[in-house]
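**Student:** Below is the structure I would like to discuss, written out as structure tokens.
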Amino acid sequence: ASEAKQTQYLQQATQEKARLHALLHAMRLGVLLVDSEHRVLYANEAVAHILQLNHAHLQGEFWQDEPASQSSLLQGPFGTLPKSLLSEPADPLASSATEVMLPSGVDVHVSSVPVLDQAGAGMGRLWLLEDITAERQTQRLMHQLAAHDSLTGLLNRHTFNQLLSSRLTPGAER
């Protein structure tokens, strides 16, 4: 009976793993899990897509501070990825969030949370990467349209008057 229960639990665990894998695979959000020594334990395909890396080679690689003998995961097709991409906060138990522009021109929102064991000690870190390039391009376009005449491309009257006023006012920042 005990062996039958173990088989049942193993089947349930295998099914749960398959469901979780399908969920993480379908997400456009990059999910990267590293251990306390910065070795990649899991990376979904979105991580490889966002960073333009080969997904098959991510598992087991050192993410940062890799020994010289290890392959460099931070080398992408557009050159070296910024070291700040996955830099940990000073407090290893703190969460972090930042935005980074990759050499490929992709804007990425990067957030991380520590993975803690039952005693509360850090045993790794979960990183979430989101490609925000389209949002940043939309913001730049909206700023351009708000400040410039759409026909001539020159500053519009409101923006020109603000700029002129700031330049003519004594003590105004330049």
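**Student:** Working with all protein chains in place, sort Lys17, Lys5 by solvent-accessible area computed with a 1.4 Å probe, largest first.
**Tutor:** Details: Lys17 150, Lys5 100 Å².
If we order Lys17, Lys5 from most to least accessible, we get Lys17, Lys5.
**Student:** Provide Arg167, Arg157 ordered by accessible surface of protein heavy atoms (probe 1.4 Å), highest first.
**Tutor:** Details: Arg167 130, Arg157 190 Å².
Reading off the accessible areas and sorting them downward yields Arg157, Arg167.
**Student:** Quick check: net charge around Ile50, other residues with Cβ under 11 Å of its Cβ, Lys/Arg +1 and Asp/Glu -1? Write out the running numbers ahead of the final one.
**Tutor:** Working: positive: Arg28; negative: Glu45, Asp107, Glu130, Asp131.
That sum, taken over residues with Cβ under 11 Å, equals -3.
**Student:** Might you work out the accessible area of Thr152 for me, using a 1.4 Å probe with all protein chains in place, and round it to the nearest 10 Å²?
**Tutor:** Surface accessible to solvent at Thr152 totals approximately 90 Å².
**Student:** Still on this structure, please answer the following. Diagonalise the Cα gyration tensor of region 93-149 and give the resulting equivalent ellipsoid semi-axes, square root of 5 times each eigenvalue, largest first, whole Å.
**Tutor:** Numbers: eigenvalues 257, 23, 9 Å².
Over the Cα atoms of region 93-149, the semi-axes work out to 36, 11, 7 Å.
**Student:** From the phi of every residue in region 120-133, what ³J(HN,Hα) in whole Hz does the Karplus formula 6.51 cos²θ - 1.76 cosθ + 1.60 yield, where θ is phi - 60° and glycine or proline is x?
**Tutor:** x, 8, x, 10, x, 8, 9, 10, 10, 10, 10, 6, 10, 4
**Student:** So what does Leu32 come to for accessible area, using a 1.4 Å probe and Å² rounded to 10?
**Tutor:** Leu32 exposes around 0 Å² with every protein chain in place.
**Student:** Mind giving me the FRET efficiency for Thr98 and Leu145? R0 is 30 Å, r the Cβ-Cβ distance, nearest 0.05 is fine.
**Tutor:** Values: r = 28 Å, r/R0 = 0.93.
Calculated value: 0.60.
**Student:** Follow-up. At 7 Å along the Cα-to-beta-carbon direction for both Ser111 and Leu126, put a label point, then send me their distance in nm to one decimal.
**Tutor:** Once both label points are built, they end up 1.1 nm from each other.
**Student:** Using each residue's phi in region 40-52, evaluate 6.51 cos²θ - 1.76 cosθ + 1.60 at θ = phi - 60° and report the 3J(HN,Hα) Karplus result to the nearest Hz, with x for Gly and Pro.
**Tutor:** Calculated HN-Hα couplings, in order: 5, 8, 8, 9, 7, 5, 5, 4, 4, 5, 5, 8, 6 Hz.
The values are calculated or read from the model by the stated rules, or taken from the named source; none is laboratory data. Here the structure is a predicted model, which means the values were calculated and not measured. No Cβ is skipped: glycine too gets one built from the backbone with ideal geometry, and neighbour counts run over all protein chains shown. All accessible areas refer to the heavy atoms of the entire protein, side chains included, with ligands and DNA or RNA removed. Shrake-Rupley method; radii C 1.70, N 1.55, O 1.52, S 1.80 Å.
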